[in-house]
Structures are given as structure tokens and as C-alpha cells.
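The values are calculated or read from the model by the stated rules, or taken from the named source; none is laboratory data. Everything numeric here is computed off the predicted structure, so don't read it as measured data. Cβ coordinates were reconstructed from backbone atoms using ideal geometry, including for glycine residues, and neighbour counts include every protein chain displayed.
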Amino acid sequence: MSEGEHTIIGKIPRERLNQIASRKLSALGVPVRLAADRETLEGELAFSGRVVHPATGQPIPRARFVVAGHDKLRFLDLPLAVLGEVSFYEHERSASLEQAVAQACGRHAAALQDVAARMRALRLEAAFDPERLAVRAVVKTAAHAFEILGGVDAVRVSRVAPVQGQPFEVAATFPPLALAEYATPAELERYLASAVGRMQAAPAAPRSAAGSASVVATPPPRNALTLAALARVFGEEAILAPNAMVELVQEFVYGNTRLRFVATREMGTRFKGRLIGPNGDVWADRFDLESFPGTSHVVARALGAPEVEPPPDVGPAVEVGGGAASVPSHLMPHPGEIWVMSVVVEEAGPTEVRYVGTDIDGKPYGAARVLKRSDFEAVFTNDRGGWRLLVQIDQVQEGNVIYRQLDRQRQPMGGPRKMSTAILVANFVPEGAAY
């Protein structure tokens, strides 16, 4: 994916990305659901026998996954977790997706075979470690035994066992081994013996890549109602009713994990807080506003991570940048297509209608909007049991679409209008995918 595509995908609301991914996976016959955090799509792939363990060659019958973005999945358990993100959007059948996973496993197995061959060239007894998805060897010197683990990315010293003394783990900060630099086993042994002091100092470094990662507060969705927006309208001195229900939400990213902080008011200044990850609550407690150190401090402490970084500046919340090149090709509209925005009416009064967009489950998401009843009925059509806005694409040009709104008889009404392609993709779906 290009840098421009990453930009636009980062600005499309998460619910819309989930909707796109869910429809595609459903078309492949792969059911998905929202995880405990109510944000992440998860599911399970069943395989027919072509996907095999890269180290043992045993068939893998099924594998759990989460969806990344709108077009990729990431497996949660070894051995397939080592494959990273796997694209599913270009596949038309589940068998094709299974074949792609099988081929990725085959490439990983071939890479491990290459690592084993390089170890054996140095007369090391290399064996596959199926639990760690690596090739393992032990190099013995007069005073130490060094466990060597070779993965696809690097060959590293993982553990040292002194002849006299306690074994210790070698942190990932110790440089990887370049096996090609050693002509004989004796040269490798001399290097390892000379580097024991640096290996012993290494555990003082961060324990893992995740441990050194920082927590990043993500910007709110484009149409979210924020505290800053309320303060701009009502002023900072406006007060809440003493016992009114209040629920505040803020999202964070830690490494590759998304988390949600939720604070629910119980009474007065007393709140119940939860930090929710992919597998459920990471932290939960009650607190009073006067003693609460702030969301960023609580999240960092709960994860054992450095202080939360501020969200990046993404510009005005109502703007979605990017031209035609920023929208992935498989999401681009085409002339003649009809695109649909579905909404749920929350309240229909004699003069105004309050409505909100829907997520992948057909449930409301985002901030509600209000239109005069006459304006709402002029824009939206009550079609197939729900309210929808239908537009027909006339042209696609330079990051924008020229479209016309359709009435209840699906006839164009009014003149042509222009809309950013990015905004269209963020709020509408092709009509064929809407039912």
C-alpha cells in the first residue's frame, strides 16, 4: 500500500473500514464478529489441509485472526502469527486465500531451511524448534554453552549457560550473528566467549520491542462529539446535571494493539474506569476526579509503558484529504454506479429529524445529526425498510466525484454536485454491497 493509501485509510472511520472488510470476508464465506473492545473484527479461518506448520509440516486445521484495516488479516496464534499481515481483498474465493496462506507458510519454511543450512555449514547441530518457529543450535566453549536461535529475520544468541553460575537470557539488543563472517566453528566460539560481558549487560535494556514502545493517543473519529467541541459551544464554565449519565471514551495504540479507555460516571465526581484491550479488561477501578492523575498516566502505568504521546495533528476534523491516488483502487467508484449511505432515525418530530449512520451490524455509530423534516425527506429515501441516501456517480476526476442525488423513483433530482472521493468512500458504499 502506498503512503497516500495509508493516509486515506487512516482518516476513514474505523466503523466504515470494518464494514468494507466484513462484506468482503462474508463474500468469501468467512464469518467475522466484533471483539470485546467493540472495535476490532475477529474470526477464524478453517483450512482444508493445504496449510501446514512451517517447522513440522503438520496440517493446521484452523486459525484465529483479527482484521487489520479493511483488506488484511493478522493471525493471533503461532505458527501463523509469524506471517504478519496477509491480504485477503484481492481473493475471490476462500480457497484462493487459503492457497496464499499456504504459500506464505512455504516461504517461511524455506527461509528456516536456509538458516539451518548456514548453521550446518559451520558444523553446528541445527534442529527446528516448533514452539518458537526457529532453528536452534548450541555452541559449547570451555566456560559456557550458548543457545543460538535462527529465525527468518536474524540469527541471535538467546541464552547463555555458564559452566559455573546461573543461566541468563540475552536481550534482543545484543547484535545478531552474521554466520557468513565465521569461516570455522572455532572462530564463532572465540567471538561468543569474548562477548559474554556484553551479553550479561544486555538484560538491563528493555525486555522486548513491545516494552520499549510508547502508548499513542489516537485522534477521535471524524464525526465524533468531543469535549473540546462542547467547550467551544457552551464554554468551559458550563456544568453537568448532578446525576446525569456521562460516559467518556478515548482510544490508544500500544505497539500493534488498540485499546479503549472508558470512564462512566456513577455520581457527582465519582467514575468507574476501564481500559479494554483485544482480550478484555486490562485495568478497571473506580476513581474520583480530584485524585485521578489523568487518562494518559493511567494507561501508561497499566501497560508498564512510557508516557502517552499526544495524537498527531490531522487537521480539521471535518476534512478528509487525499486525491484519487490516495484511495485504494479496489475502493474507487466508477461512473454509472449508485452509492448508498444508510442511516437510522432516532427521533422524528413534526419539524425535525434526528438520525445517525450505521455500522457493520446495522447499529448506530458516530454523532447524531439533525435536519429539518422537509430537508430530511427531500434527501433520504425510505427504501427496503430503512432510510438511505442514493447518489449516482457521473464522473471520477482528480480526487473528486461528480454525482447526482436520486429520488424515490431513482431519478436524478437537482443538478450535478461535486464531492471528494475520500469523503464518498468514508460515508457511502456501493449499492450492491449495501443489502
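Figures for the structure shown
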| item | result |
| --- | --- |
| Pick from the range 322-343, criterion of a type in the set (A, V, I, L, M) and at pLDDT 50 or above, ranking: surrounded by the fewest Cβ atoms within 10 Å (Cβ to Cβ) | Met332 |
| Yes/no for Val157 being in contact with a helix residue (DSSP H, G or I) (Cβ under 6 Å, 6 or more places away or on another chain), buried (at least 18 other Cβ atoms within 10 Å of the Cβ) and part of a strand (DSSP E or B) | no |
| Failed criterion for Val215 (all others in (1) surrounded by 17 or more Cβ atoms within 10 Å (Cβ to Cβ); (2) modelled with pLDDT of 85 or more; (3) among the hydrophobic types (A, V, I, L, M, F, W, C) hold) | (2) |
| Out of Pro293, Pro221, Pro242, Pro203, sole residue that is touching a helix residue (DSSP H, G or I) at 6+ places or on another chain (Cβ under 9 Å) and at pLDDT below 75 | Pro221 |
| Out of Glu319, Glu346, sole residue that is at pLDDT 75 or above, surrounded by fewer than 19 Cβ atoms within 10 Å (Cβ to Cβ) and not in a helix (DSSP H, G or I) | Glu346 |
| Single residue of the range 354-393 satisfying the filter (in a loop (DSSP other than H, G, I, E, B), surrounded by fewer than 16 Cβ atoms within 10 Å (Cβ to Cβ) and within 28 Å of the chain's Cα centre (by Cα)) that is modelled with the lowest pLDDT | Asp361 |
| Subset of the range 394-435 [surrounded by fewer than 18 Cβ atoms within 10 Å (Cβ to Cβ) and among the hydroxyl-bearing types (Ser, Thr, Tyr)] | Tyr435 |
| Pair list, Cβ under 8 Å, 6 or more apart: the range 27-48 residue over 20 Å from Leu80 (Cα atoms) and touching a residue at least 24 places away in the same chain (Cβ under 8 Å), other residue hydroxyl-bearing (Ser, Thr, Tyr) and assigned to a loop (DSSP other than H, G, I, E, B) | Leu34/Thr40 |
| Met413 being free of Cβ contacts under 8 Å to residues at least 60 places away in the same chain, of a type in the set (A, V, I, L, M) and within 14 Å of Ala378 (Cβ to Cβ) | yes |
